[in-house]
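Before I ask anything, let me first share the structure, which is written out below as structure tokens.
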Amino acid sequence: MVKLGIIGAGRIGKVHAESITFNIKNAEVLSIADPFMSDEAAAWARSLGIKNVSKDYHDILNNPEIDGVLICSSTNTHADIAIEAIKAKKNVFCEKPISQDLAKIKEVMEALKGTDLKFQVGFNRRFDHNFEAVREAVKAGKIGDVHVVKITSRDPDAPSLDYVKVSGGIFLDMTIHDFDMVRYLSGSDVEEIYASGACLVNPAIAECGDIDTAVITMKLKNGALAVIDNSRKAAYGYDQRAEVFGSKGQVAVTNDAPSTAVISTESGVTGEKPLYFFLERYMASFSKEVSMFCDACEGKGEVPVDINDGLQPVLIAKAAKKSLDEGRPVKLSEIVF
Ligand SMILES: NC(=O)c1ccc[n+]([C@@H]2O[C@H](COP(=O)([O-])OP(=O)(O)OC[C@H]3O[C@@H](n4cnc5c(N)ncnc54)[C@H](O)[C@@H]3O)[C@@H](O)[C@H]2O)c1
């Protein structure tokens, strides 16, 4: 049994605590910590059978019973907590991104070097049933050599302006998942990126120095091309589709909906909108990624998303921002790491 501690009891900390408790047989959440732990959150944690509820994550790091920690706190705390956790000899599952600061990611990599600890980054979309099927088809050679990867990734609604201000910008906050998806589906690193952006959903987002709409093209190291289109608001809901086109064919997936019912009448043909947002669409993927982390902690294989997989999308996001700011294609090699 893998004994886990969860650091951060916000949205994603709660998702992981519940999915481990209800879906993962070889793991148990022993402790959860959050400096703003409310009585309500503590009662929720106890209702899941979590024995130790604390306001200080050091209680988790100092507990010799704990094998691994899930870092689910605010992004700006991830790297420092990860380094402390590594020093405390805990396996680490770190939510994305490891940090928005490349120097901090380097520090985490240094701390990890020479240890045999497991370190996984929370790029959960790799464990979505649709995207896994695309990757499997590509890996099995069913579509031949990869020529083009196309990703559509649109949120159902724009976040609050308070969130936008601290998000690190659309590329580090939202597109980062799509950058990971391009690497995952193509099996290749990125060579060069060109990003164009606009503020079409909410002009106040531009006043925060960000964009809400983007089209990004990439050249990959294996010679293939990739394109991502993003919007912070699709009127019909969470739009998450992918296609890989190759020398022998193409593989594509569409959105998940609550049902596949299509109603056809004299006035037209209608179906259900996509599942509302990431908590609905990607719930199963959150369980699967942590389940694989627990297996790795038990010595059954390697983590499926390692620290380099955590670093690369941050490098790509930095290159995308530079491209947007300078209005030109940017090579990844221009980003100093
Ligand atoms: N993989 C995904 O799809 C996904 C989805 C949502 C969020 N995330 C990531 O998860 C992280 C948290 O996001 P969220 O939406 O749950 O945010 P949130 O604001 O709901 O929760 C963050 C929690 O961290 C707590 N916290 C802050 N400092 C802490 C510390 N030092 N120790 C312990 N807890 C601390 C806060 O009090 C808060 O309760 C972010 O890095 C975000 O990028 C990933």
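The values are calculated or read from the model by the stated rules, or taken from the named source; none is laboratory data. Bear in mind the structure is a predicted one, so any value in this text is a computation, not a measurement. Note: ideal-geometry Cβ built from the backbone for every residue, glycine included; neighbour counts use all protein chains shown.
Let me confirm something: among ILE66, ILE86, ILE50, ILE81, which residue is within 23 Å of ASP295 (Cα to Cα) and near the ligand (Cβ under 9 Å from one of its atoms)?
One residue alone meets the criteria, ILE81.
With respect to GLY168, is the statement that it is modelled with pLDDT under 95 and either away from the ligand (no atom under 14 Å from the Cβ) or surrounded by 16 or more Cβ atoms within 10 Å (Cβ to Cβ) (or both) true?
yes
Looking only at region 38-57, count every residue that is free of Cβ contacts under 8 Å to residues at least 24 places away in the same chain and either farther than 24 Å from ALA88 by Cα or of a type outside the set (S, T, N, Q) (or both) and tell me the total.
Total meeting the criteria: 11.
Give just the number: which of (1) in contact with a Cys (Cβ under 7 Å, 6 or more places away or on another chain); (2) not hydrophobic (A, V, I, L, M, F, W, C); (3) not assigned by TED's automatic domain parsing to the domain that holds ASP157 does ASP212 not satisfy?
So ASP212 meets the others, but not (3).
Still on this structure, please answer the following. Can HIS177 be described as touching a Ser or Thr at 6+ places or on another chain (Cβ under 8 Å), within 16 Å of the ligand (Cβ to nearest atom) and not acidic (Asp, Glu)?
Against the criterion (touching a Ser or Thr at 6+ places or on another chain (Cβ under 8 Å), within 16 Å of the ligand (Cβ to nearest atom) and not acidic (Asp, Glu)), HIS177 qualifies.
Let me ask another. Cβ-Cβ below 9 Å, separation at least six or inter-chain, first residue in region 1-21 and outside the structural domain of GLU40 (by TED's automatic domain parsing) and in a helix (DSSP H, G or I), second crowded, with 20+ Cβ neighbours inside 10 Å and among the polar types (S, T, N, Q): which pairs?
From residues that are outside the structural domain of GLU40 (by TED's automatic domain parsing) and in a helix (DSSP H, G or I), there are no pairs.
Could you identify the single residue in VAL305, VAL269, VAL290 that is assigned to a strand (DSSP E or B), outside the structural domain of ASN76 (by TED's automatic domain parsing) and either more than 25 Å from MET109 (Cβ to Cβ) or within 13 Å of the chain's Cα centre (by Cα) (or both)?
Result of the check over VAL305, VAL269, VAL290: VAL269.
For VAL92, only one of the following conditions fails: (1) within 11 Å of the ligand (Cβ to nearest atom); (2) buried (at least 17 other Cβ atoms within 10 Å of the Cβ). What is its number?
Unmet condition: (1).
Oh, and also: Answer yes if at least one residue in region 267-290 is among the charged types (D, E, K, R), under 27 Å from TYR238 (Cβ atoms) and more than 14 Å from the ligand (Cβ to nearest atom), and no otherwise.
The answer is yes, given that some residue of region 267-290 is among the charged types (D, E, K, R), under 27 Å from TYR238 (Cβ atoms) and more than 14 Å from the ligand (Cβ to nearest atom).
Looking only at region 21-45, which residues are surrounded by 20 or more Cβ atoms within 10 Å (Cβ to Cβ), within 15 Å of the ligand (Cβ to nearest atom) and either more than 14 Å from LYS55 (Cβ to Cβ) or of a type in the set (Phe, Trp, Tyr) (or both)?
If the condition is that a residue be surrounded by 20 or more Cβ atoms within 10 Å (Cβ to Cβ), within 15 Å of the ligand (Cβ to nearest atom) and either more than 14 Å from LYS55 (Cβ to Cβ) or of a type in the set (Phe, Trp, Tyr) (or both), then VAL29 is the only one that fits.
Mind checking whether some residue in region 252-273 is closer than 17 Å to HIS147 by Cβ and at pLDDT 95 or above?
Yes - at least one qualifying residue is present in region 252-273.
Cβ-Cβ below 6 Å, separation at least six or inter-chain, first residue in region 155-178 and touching a residue at least 24 places away in the same chain (Cβ under 8 Å), second among the basic types (Lys, Arg): which pairs?
ASP155/ARG232; ASP157/LYS233; ALA158/ARG232; ALA158/LYS233; PHE171/LYS321; HIS177/ARG125
Select from region 226-242 the residues that are among the β-branched types (Val, Ile, Thr) and either surrounded by fewer than 18 Cβ atoms within 10 Å (Cβ to Cβ) or out of contact with any helix residue (DSSP H, G or I) (no Cβ under 8 Å at 6 or more places or on another chain) (or both) and list them in ascending order.
Listed by number, the list holds a single entry, VAL227.
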